[in-house]
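Notes for the one structure printed next.
The values are calculated or read from the model by the stated rules, or taken from the named source; none is laboratory data. Small disclaimer: the values here were computed from a predicted structure and weren't measured. In this analysis, Cβ positions are derived from the backbone assuming ideal geometry, glycine residues included, and neighbour counts consider all displayed protein chains. Areas reflect the complete protein model, heavy atoms only, side chains present, ligands, DNA and RNA absent. Shrake-Rupley method; radii C 1.70, N 1.55, O 1.52, S 1.80 Å.
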Amino acid sequence: MGQIIFKIWYIIAILPFIMFLEGDEKLADYLKKKEIYAHWDVFHSLIVFLIILAFFLWLNGAR
């Protein structure tokens, strides 16, 4: 039973977070390579994600 709960928790919470971190690394590498912004980190990505989430919630009427 514990393994099933762990697998569900892994798919819902941990795996998307790992994917978010990997995507953030790739974006940071791309921005550094193109010399657009050299100081990109996970907090910048989190702020952008939260702004986009707030915008979509606002559009859908969750005020």
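Contact map, segment 15-27: first residue without any contact (Cβ under 8 Å) to a residue 40 or more places away in the chain, second residue loosely packed, with under 11 Cβ neighbours inside 10 Å, Cβ cut-off under 8 Å, separation 6 or more or different chains; pairs are ASP24/ASP41.
Could you list all residues from segment 16-30 that are open to solvent by 100 Å² or more (accessible area, probe 1.4 Å) and either acidic (Asp, Glu) or in contact with a Lys or Arg (Cβ under 6 Å, 6 or more places away or on another chain) (or both)? The one that is open to solvent by 100 Å² or more (accessible area, probe 1.4 Å) and either acidic (Asp, Glu) or in contact with a Lys or Arg (Cβ under 6 Å, 6 or more places away or on another chain) (or both): GLU25. Condition first: surrounded by 11 or more Cβ atoms within 10 Å (Cβ to Cβ) and not in a helix (DSSP H, G or I). Now tell me which residues in segment 39-63 satisfy that. Once the filter is applied, which keeps residues that are surrounded by 11 or more Cβ atoms within 10 Å (Cβ to Cβ) and not in a helix (DSSP H, G or I), segment 39-63 yields only TRP40. Scanning segment 27-63 for residues that are more than 20 Å from PRO16 (Cβ to Cβ) and among the small types (Gly, Ala, Ser) yields ALA38, GLY61, ALA62.
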